[in-house]
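Below: one structure, written as structure tokens.
The values are calculated or read from the model by the stated rules, or taken from the named source; none is laboratory data. None of the values given here were measured: they were computed from a predicted structure. Cβ placement follows ideal geometry from the backbone for every residue including glycine, while neighbour counts extend to all protein chains displayed. Only protein heavy atoms, including side chains, enter the accessible area calculation; ligands, DNA and RNA are left aside. Shrake-Rupley method; radii C 1.70, N 1.55, O 1.52, S 1.80 Å.
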Amino acid sequence: MGRAFEVRKKSMMQTSASKSKLYARYGKEIYVAAKNGVPDPTMNQVLKQVIEKAKRDQIPADVIKRAVEKAAGSGGENYQSVRYEIFGPASSLLIVDCLTDNPNRSISDLRAAFNKAEGKLGVSGSVMHFFEHLSVFSFKGLDEETVMESLLEKDCDFDDIETEEDIVTVYANPSSFNKIRQALSEIKTDLEMLAEEITFLPLDRIKITAENEAKLFEKLLLLIEDCDDVQNIYHNVILD
């Protein structure tokens with residue numbers, strides 16, 4: 001289907017301050033996953049997935065441990081998920097997911113970012129229909145034919161499988177995430193996973209050619225990333 005999923009590593013933060021921000025975001029996500037289930041990854045699949053993702057992004061073990069132990073205690077913060085849809089400069093579109101204990105603070109911080117970089121908050125659904133909500137698995141170590149045969153054999157529903165160089169990518173409905181994840185682990189236990197997530201992929205990507213608009217979009221991204229409650233940003237722009 002030509003979705004051309006980009007396997008991107010997080011820009012490994014160059015300063016201790018931005019590393020701390022990345023650690024804090026993962027700590028919050030792990031805390032929520034543990035608090036909403038049980039603080040044991042062997043019994044909580046959501047927690048297990050978040051921890052594995054954190055390890056792939058080189059989050060220290062003590063950060064993970066502290067978040068799980070915090071969730072195991074009594075009381076604590078009450079976080080909720082909030083999603084914002086944004087129109088950016090040069091026909092750019094963004095979806096921003098937050099985990100917050102204060103939605104008023106979240107929207108206030110985001111509005112401050114919009115005002116500095118020509119962003120505009122959209123109503124619910126105004127941006128979402130330009131994206132697909134999908135489970136995405138990208139990995140090395142298997143060929144496309146083997147993957148397709150194995151998933152069909154295990155009765156896994158999937159939308160598409162693509163291969164680029166030696167990287168195989170499987171696209172599926174979010175509801176199929178756990179079943180496909182289990183099936184892939186059974187095909188090859190030491191499979192090198194590059195991406196394993198439920199994400200939003202744009203139906204069409206755009207390239208911002210005007211230098212001033214490209215800089216404005218990059219500024220908007222950086223300002224949004226700097227908001228403490230932001231967990232994930234999805235957009236339709238091809239970045240150099």
Roughly speaking, to the nearest percent, how much of the chain's 1.4 Å accessible area is carbon and sulfur?
48 percent
In whole Hz and in residue order, list the ³J(HN,Hα) couplings for region 129-141 that follow from phi through the Karplus curve 6.51 cos²θ - 1.76 cosθ + 1.60, θ = phi - 60°; x for Gly and Pro.
6, 8, 10, 9, 9, 9, 7, 10, 10, 10, 7, 10, x
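Can you give the charge dipole size of the chain about its Cα centre, rounded to the nearest 20 debye, using +1 on the beta carbon of Lys and Arg and -1 on the beta carbon of Asp and Glu?
Rounded to the nearest 20 debye, it is 1240 debye.
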For every helix of n ≥ 4 consecutive DSSP H residues, a contribution of -39,500 (n - 2.57) applies; sum these over the chain, divide by its total residues, and give [θ] at 222 nm rounded to the nearest 500 deg cm²/dmol.
-13000 deg cm²/dmol
Roughly what percent of Cα-Cα pairs across region 70-191 reach past 20 Å?
61 percent
Amide H contacts under 5 Å for residue 196, restricted to residues at least 5 apart in sequence or on another chain and with H modeled in the peptide plane, are 138
Overall form of the chain per C-alpha gyration tensor (a/c, 1.5; a/b vs b/c):
oblate
Which entries of 55/179; 28/53; 28/55; 19/215; 28/65 have Cα-Cα distances beyond 18 Å here?
55/179; 19/215
HN-Hα J couplings of region 31-46 from phi, Karplus 6.51/-1.76/1.60, θ = phi - 60°, integer Hz, Gly and Pro as x?
4, 5, 4, 6, 5, 7, x, 10, x, 9, x, 6, 10, 10, 5, 5
Given the options 61, 113, 183, which has the most mean-square fluctuation in a GNM of the chain, springs set between C-alpha atoms less than 10 angstrom apart?
61
Express in Å², to the nearest 10, the accessible area of residue 204 obtained by rolling a 1.4 Å probe over the protein heavy atoms while all chains stay in place.
120 Å²
³J(HN,Hα), Karplus 6.51/-1.76/1.60, whole Hz, each residue of region 163-180, x for Gly, Pro
10, 10, 6, 9, 9, 9, 10, 10, 10, 7, 5, x, 5, 8, 3, 5, 5, 5
Between residue 101 and residue 148, how many nm apart are label points set 7 Å from Cα along the C-beta direction?
5.0 nm
With contacts defined as alpha carbon pairs under 8 Å and 6 or more residues apart, what's the relative contact order of the chain in percent?
22 percent
Rounded FRET efficiency, nearest 0.05, which uses the C-beta distance separating residue 175 from residue 205 and R0 of 25 Å
0.45
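Treat every Asp and Glu Cβ in region 106-215 as -1 and every Lys and Arg Cβ as +1, leave all other atoms uncharged, and give the resulting dipole magnitude about the Cα centre to the nearest 20 debye.
Computed about the Cα centre, the dipole is about 920 debye.
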The correct ranking of 85, 145 by accessible area at 1.4 Å, largest first, is 145, 85
Give me the dipole magnitude in Debye, nearest 20, for region 42-183 about the Cα centre, with unit charges on the beta carbon: positive for Lys and Arg, negative for Asp and Glu.
1100 debye
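With a/c under 1.5 counting as rounded, go ahead and sort region 126-202 into rounded, prolate or oblate using the C-alpha gyration tensor (a ≥ b ≥ c being the square roots of the eigenvalues; past the cut-off, prolate if a/b is larger than b/c, else oblate).
prolate
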